[in-house]
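Colleague: Please see the structure below; I have some questions.
Just so it is clear, none of the values below were taken in a lab; they were calculated from the coordinates. Note that the structure is predicted; figures quoted are calculated from it, not measured. Note: ideal-geometry Cβ built from the backbone for every residue, glycine included; neighbour counts use all protein chains shown.
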């Protein structure tokens with residue numbers, strides 16, 4: 001049921017009334033006797049529920065610029081011509097104030113950018129769809145289509161008539177459920193609230209989608225969104241950002257301690273690539289702030305010249321000694337947090353750490369738990385030296401169809417690992 005069909009009272013039995021905010025903004029606010037108190041300027045909602053409810057009306061009195069507010073409970077009825085109040089409601093008018101968990105829909109949402117967390121993209125809010133539910137007025141949808149814009153301009157009815165007359169066609173509504181929408185607002189007083197709300201939705205998106213979203217935003221909203229992500233999501237998203245300049249901008253927008261925490265969460269080779277793009281002072285400041293294991297890893301990778309195997313390898317690899325049983329290896333494997341592409345192979349070493357052979361996950365799954373990996377390993381190894389050219393490493397991947405190749409020094413010690421993903425990104429950045 002639409003609001004323009006009836007000036008309905010705000011009662012539980014009238015639940016189900018839909019209305020667009022554009023249809024009631026600037027409408028007269030009337031006392032119970034019909035006297036005009038002012039005009040509806042905005043609606044204030046509290047962001048504490050999946051479908052936030054309107055808590056107050058924001059209105060302007062006649063011949064005044066100052067905004068006043070009134071509790072939503074004081075509304076008796078509304079339609080697209082006027083909002084009528086209950087008796088004595090005018091006496092509870094007070095200057096407008098907004099708390100940390102509240103926003104004004106017109107001022108802070110209309111025409112603003114939002115993240116559609118269902119479609120993983122940026123949209124512009126053209127209108128807001130509201131619903132009366134048991135006396136409450138709640139946000140249910142956001143309109144990002146042409147009809148929302150035409151409705152606000154007052155051109156929708158005439159446009160519909162013309163398009164129907166010429167083409168027997170009417171444009172469709174383009175609305176998204178509020179549960180898939182989170183605002184990206186840069187109001188410094190509400191930044192933490194907005195980002196906390198946003199994060200509950202955004203953490204579920206794939207990092208590639210988040211990277212795309214970041215690339216579309218302006219600098220202020222981009223930094224705000226990036227700050228809202230948890231460390232792991234921020235690290236994974238930063239790895240997916242293709243533009244090195246944008247990566248630098250994002251990492252520089254974070255406080256030093258958070259920036260180092262993000263770098264520690266990133267794959268070592270990805271973190272090294274990012275650090276190498278920074279100035280020497282910036283790089284040294286971030287590296288020195290890191291925990292020792294991560295710092296040592298990145299310092300070791302940074303020493304390799306760009307274009308060499310060492311410069312693109314990762315320190316994330318799974319290696320055990322030859323006398324390790326399958327049962328023991330399974331327990332160690334469960335404890336790893338390395339990316340899947342880094343554990344496609346299990347490297348078998350001597351007790352002093354020299355590479356002897358390679359095994360696979362298949363052996364862990366199918367072999368007897370008491371069998372040692374030294375008995376199952378393949379001793380025919382293909383390795384690369386840290387100083388080998390990336391182009392030569394690419395030829396090895398092309399020839400042998402490996403998922404990963406170990407980087408081994410002259411003493412047969414494993415320095416790192418180059419995955420198929422690493423070599424593909426180095427050769428085909430686009």
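Colleague: Provide, in order from the shortest bin, the percent of all Cα-Cα pairs of segment 203-303 in each 5 Å bin, continuing until the bin that contains the maximum pair distance.
Modeller: 2, 14, 28, 26, 18, 9, 3, 0
Colleague: Along the three principal axes, how long is the chain when you take its alpha carbons, biggest first, rounded to the nearest angstrom?
Modeller: 93, 49, 46
Colleague: Also, quick follow-up: Roughly what angle does helix 390-400 make with the longest principal axis of the chain, taking Cα atoms, 0 to 90 degrees, to the nearest 10?
Modeller: Helix 390-400 and the main axis of the chain meet at about 80 degrees.
Colleague: Of the candidates 385, 316, 160, which one comes out as most mobile in a Gaussian network treatment of the chain with C-alpha springs shorter than 10 Å?
Modeller: Looking only at 385, 316, 160, the largest GNM fluctuation is found for 160.
Colleague: Moving to a separate point now. What's the long-distance tail for segment 24-78, i.e. % of Cα pairs beyond 13 Å?
Modeller: 61 percent
Colleague: OK, next. In deg cm²/dmol and to the nearest 500, what is the mean residue ellipticity at 222 nm of the chain if only DSSP H runs of at least 4 residues count, each as -39500 (n - 2.57), divided by the residue total?
Modeller: -10500 deg cm²/dmol
Colleague: Would you mind calculating the relative contact order of the chain from Cα pairs under 8 angstrom and at least 6 residues apart, reporting the percent as a whole number?
Modeller: Taking the mean separation of contacting Cα pairs over the length of the chain, I get 9 percent.
Colleague: Within segment 312-342, name every residue whose backbone N is under 18 Å away from a label modeled 7 Å from Cα of residue 403 along the Cβ vector.
Modeller: Only 314-320, 329-342 fall inside the zone, counting backbone N under 18 Å.
Colleague: Could you give the Stokes-Einstein D for segment 286-426 in µm² per second, using the C-alpha Kirkwood radius, 4 °C, 1.567 mPa s?
Modeller: 83 µm²/s
Colleague: Please report 230, 422 as a ranked list, fewest other C-beta atoms within 10 angstrom at the top and most at the bottom.
Modeller: Taking fewest neighbouring Cβ atoms as first place, the list is 230, 422.
Colleague: Taking the Cα-to-Cβ direction at residue 112 and at residue 159 and moving 7 Å from each Cα, how far apart do the two end points lie in nm?
Modeller: It works out to 2.3 nm between the two label points.
Colleague: Turning to a different aspect of this structure: Among 207, 52, 255, determine the one that fluctuates most according to a GNM of the chain built with springs between C-alpha atoms less than 10 Å apart.
Modeller: With Cα springs under 10 Å in the chain, the top fluctuation among 207, 52, 255 is at 255.
Colleague: Using a 10 angstrom cutoff on alpha carbons, build the Gaussian network for the chain and name the most mobile of 84, 362, 222.
Modeller: Evaluated over the chain, the most mobile residue of the options is 362.
Colleague: Between residue 378 and residue 330, how many nm apart are label points set 7 Å from Cα along the C-beta direction?
Modeller: Label at residue 378, label at residue 330, 2.3 nm between them.
Colleague: Could you check what % of the DSSP bridge pairs in segment 319-427 are antiparallel, to the nearest 5?
Modeller: Given both bridge residues lie in segment 319-427, the antiparallel proportion sits at roughly 75 percent.
Colleague: Now for a different question. Only counting other Cβ atoms within 10 Å, I'd like 308, 314, 337 sorted with the fewest neighbours first.
Modeller: 337, 308, 314
Colleague: Write down the percent of antiparallel bridges among all DSSP beta bridges whose residues are both part of the chain, to the nearest 5.
Modeller: 90 percent
Colleague: Only counting other Cβ atoms within 10 Å, I'd like 290, 424 sorted with the fewest neighbours first.
Modeller: Lowest to highest Cβ neighbour count: 424, 290.
Colleague: OK, next. Starting from the Cα of residue 62, step 7 Å along the direction of its Cβ; do the same at residue 352; then give the gap between the two resulting points in nm.
Modeller: Once both label points are built, they end up 9.8 nm from each other.
Colleague: Within segment 336-361, name every residue whose backbone N is under 15 Å away from a label modeled 7 Å from Cα of residue 323 along the Cβ vector.
Modeller: It comes to 349-354, nothing else.
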